[in-house]
Amino acid sequence: MEAVRLQLRDFYGPEELARVYGRRYDHTLWGDHVLRVARTAQILREMQPTSVADLSCGDAAIVAQAGLQDVAVLGDMVPGWPMCGPLERTIQEIAPVDVFVCSETLEHLQDPDAALTAIREKADRLLLSTPAGETDDRNPEHYWGWDVEDVDEMLAAAGWSTRSYELLHGQSGVYSFQIWRCSKEVA
């Protein structure tokens, strides 16, 4: 099957970014997100990390539900977190961690491939979720839409080895979420 990576919209400038990300995220507003956060937190807990970074933490529910606040570095684009700003910058500011959580973030970045490579420089393992099969521009925050094969190719190109993968179908039928558990490839 051929990958369907699509750029869904033009990239925003600083003013438009500030408008789009002007308020704190609340995952409980969408039933599909409640389901995805719970499953992602369960996987994170099962990974038994010694340290975690989530620099696109939204409302920090994944780390909180996993019970890992004491070993986590949290940040987001929206002010009010210990690390604040674009992931592309804040990833450079953290010490290395055991697990990097990248939940519903890649589709928001201008260069998701560079982000996956930068994360690999800072983490031994990656817990990634992103929508699967998004082909329209209904979500004003998403720059990209892709399928499972394309994300698999992106991860491999950045040097990540997949340990597990699952497709989580949302209750609304609007989104399906792909959840990847990865580790660094050993050269």
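Some points to look at:
- Failed item in (1) farther than 13 Å from LEU87 by Cβ; (2) surrounded by 16 or more Cβ atoms within 10 Å (Cβ to Cβ), with THR105 passing the rest: (1)
- Lone qualifier among ALA53, ALA66, ALA72 - being open to solvent by less than 60 Å² (accessible area, probe 1.4 Å), within 24 Å of ALA118 (Cβ to Cβ) and within 13 Å of the chain's Cα centre (by Cα): ALA53
- Residue that is surrounded by the fewest Cβ atoms within 10 Å (Cβ to Cβ) [pool: residues in region 143-174 that are more than 20 Å from LEU6 (Cβ to Cβ) and of a type in the set (A, V, I, L, M, F, W, C)]: LEU168
- Subset tally (residues that are out of contact with any His (no Cβ under 7 Å at 6 or more places or on another chain), more than 18 Å from VAL99 (Cβ to Cβ) and of a type in the set (Phe, Trp, Tyr)) for region 134-176: 3
- Region 108-126: number of residues that are out of contact with any Cys (no Cβ under 8 Å at 6 or more places or on another chain), free of Cβ contacts under 8 Å to residues at least 40 places away in the same chain and surrounded by 17 or more Cβ atoms within 10 Å (Cβ to Cβ): 2
- Between ARG24, ARG36, the distinction of being within 17 Å of PRO86 (Cβ to Cβ) and not hydrophobic (A, V, I, L, M, F, W, C) belongs to ARG24 only.
- Top-ranked residue of region 20-38 - restricted to ones that are open to solvent by less than 50 Å² (accessible area, probe 1.4 Å) and part of a helix (DSSP H, G or I), ranked as modelled with the lowest pLDDT: GLY31
- Residues of region 104-122 classified as modelled with pLDDT of 95 or more and in contact with a Lys or Arg (Cβ under 8 Å, 6 or more places away or on another chain), total: 1
- In summary, ALA132 fulfils each of the numbered conditions (1) under 23 Å from ALA53 (Cα atoms); (2) in contact with a Ser or Thr (Cβ under 6 Å, 6 or more places away or on another chain) with the single exception of condition (1).
The values are calculated or read from the model by the stated rules, or taken from the named source; none is laboratory data. Being a predicted model, the structure only gives us computed values, none of them experimental. Glycine also receives a Cβ, built like all others from the backbone with ideal geometry; neighbour counts cover every protein chain displayed. Remember, those area values only see protein heavy atoms, side chains included, never the ligands or the DNA or RNA. Shrake-Rupley method; radii C 1.70, N 1.55, O 1.52, S 1.80 Å.
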